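Participant: The structure that follows is given in the form of structure tokens.
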Amino acid sequence: MSAWREIELDAPEFATQVRRRFAMGTNKTLATLRADGSPRISASELEFADGEVTLGMMGGSMKLRDVRRDPRIAVHSPTIEPPNEEGDQWPGDAKLAGRVVDVPAPADNPHAGAAFFRIDVLEVTLTYVGTPADHLVIESWHQGRGWQRRTRS
């Protein structure tokens with residue numbers, strides 16, 4: 001597994017763009033796995049700081065129960081609509097996947113029973129409309145493979 005700082009060092013421009021996409025709104029979409037293996041999505045906040053991606057979960061929440069059983073997660077950035085019909089000004093979206101690892105609660109934590117995690121990252125994807133606006137650009141980083149860029153018409 002990789003800390004966010006490894007991605008920042010390996011592909012700094014990519015990491016900056018991914019962080020910008022995640023910063024476009026407060027609520028991200030978190031995917032966890034239910035006991036039967038089916039997916040569950042929930043709203044969540046996360047933070048990029050000090051070379052880590054971190055998030056918290058309320059005590060007793062279903063997503064907390066899910067990650068206690070199976071720490072694999074995926075997170076999607078806030079979805080922003082394109083400001084024009086052509087979509088060439090769409091900022092794109094970002095996704096990351098990995099496993100959550102417990103970290104100590106912040107000293108000022110007001111929520112009894114809450115849990116806090118860092119994400120050990122396995123993969124990150126950034127998708128946006130290319131220039132000219134006749135193709136998609138898919139940039140990704142995978143542990144063990146690093147950064148790559150592809151296009152799709």
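Participant: Looking only at segment 108-138, count every residue that is at pLDDT 90 or above, under 24 Å from Arg68 (Cβ atoms) and part of a loop (DSSP other than H, G, I, E, B) and tell me the total.
Facilitator: So the answer is 1.
Participant: Given the conditions (1) in contact with a Gly (Cβ under 6 Å, 6 or more places away or on another chain); (2) of a type in the set (Lys, Arg); (3) within 26 Å of Pro132 (Cβ to Cβ), report the number of the one that Arg5 does not fulfil.
Facilitator: (3) is the only condition that Arg5 fails.
Participant: Does segment 88-107 hold any residues that are among the acidic types (Asp, Glu) and part of a loop (DSSP other than H, G, I, E, B), and which are they?
Facilitator: Asp88, the sole residue that qualifies.
Participant: Restricting to segment 63-102, name every residue that is of a type in the set (Lys, Arg), more than 16 Å from Gln17 (Cα to Cα) and surrounded by 14 or more Cβ atoms within 10 Å (Cβ to Cβ).
Facilitator: Once the filter is applied, which keeps residues that are of a type in the set (Lys, Arg), more than 16 Å from Gln17 (Cα to Cα) and surrounded by 14 or more Cβ atoms within 10 Å (Cβ to Cβ), segment 63-102 yields Lys63, Arg65, Arg72, Arg99.
Participant: Quick one: would you say Ala3 is surrounded by 13 or more Cβ atoms within 10 Å (Cβ to Cβ), aliphatic (A, V, I, L, M), touching a strand residue (DSSP E or B) at 6+ places or on another chain (Cβ under 9 Å) and within 22 Å of Val137 (Cα to Cα)?
Facilitator: It is false that Ala3 is surrounded by 13 or more Cβ atoms within 10 Å (Cβ to Cβ), aliphatic (A, V, I, L, M), touching a strand residue (DSSP E or B) at 6+ places or on another chain (Cβ under 9 Å) and within 22 Å of Val137 (Cα to Cα).
Participant: Counting just the residues of segment 139-153 that are assigned to a strand (DSSP E or B) and in contact (Cβ under 8 Å) with a residue 60 or more places away in the chain, which one comes out surrounded by the most Cβ atoms within 10 Å (Cβ to Cβ)?
Facilitator: If we take residues in segment 139-153 being assigned to a strand (DSSP E or B) and in contact (Cβ under 8 Å) with a residue 60 or more places away in the chain, then Trp141 is surrounded by the most Cβ atoms within 10 Å (Cβ to Cβ).
Participant: Take segment 6-17 and flag every residue that is surrounded by 18 or more Cβ atoms within 10 Å (Cβ to Cβ) and either of a type in the set (D, E, K, R) or assigned to a helix (DSSP H, G or I) (or both).
Facilitator: Passing the criteria: Ile7, Phe14, Ala15.
Participant: Continuing with this model, one more query. For the structure I just gave you, tell me whether Gly56 is surrounded by fewer than 17 Cβ atoms within 10 Å (Cβ to Cβ) and out of contact with any Cys (no Cβ under 9 Å at 6 or more places or on another chain).
Facilitator: no
Participant: To continue, here is another question. Do you know which residues across segment 49-76 are over 21 Å from Asn109 (Cβ atoms) and in contact with a helix residue (DSSP H, G or I) (Cβ under 7 Å, 6 or more places away or on another chain)?
Facilitator: Gly51
Participant: Please name all residue pairs, on different chains or six or more residues apart, with Cβ atoms under 8 Å, provided the first residue is in segment 42-63 and is without any contact (Cβ under 8 Å) to a residue 60 or more places away in the chain and the second residue is among the aromatic types (Phe, Trp, Tyr).
Facilitator: Close Cβ pairs satisfying both conditions: Phe48/Trp4; Phe48/Phe22; Gly51/Trp4.
Participant: Anything in segment 46-87 that is part of a loop (DSSP other than H, G, I, E, B) and over 19 Å from the mean Cα position of the chain (by Cα)? List them, or say none.
Facilitator: Gly59, Gly60, Ser61, Pro82, Pro83, Asn84, Glu85, Glu86, Gly87
Participant: Here is a follow-up. For the subset of segment 19-41 comprising residues that are among the aliphatic types (A, V, I, L, M) and within 18 Å of Val100 (Cβ to Cβ), which member is surrounded by the fewest Cβ atoms within 10 Å (Cβ to Cβ)?
Facilitator: If we take residues in segment 19-41 being among the aliphatic types (A, V, I, L, M) and within 18 Å of Val100 (Cβ to Cβ), then Ala35 is surrounded by the fewest Cβ atoms within 10 Å (Cβ to Cβ).
The values are calculated or read from the model by the stated rules, or taken from the named source; none is laboratory data. Just so it is clear, the structure is predicted and the values come from calculations on it, not from any experiment. All Cβ positions, glycine included, derive from the backbone under ideal geometry; neighbour counts span all protein chains shown.
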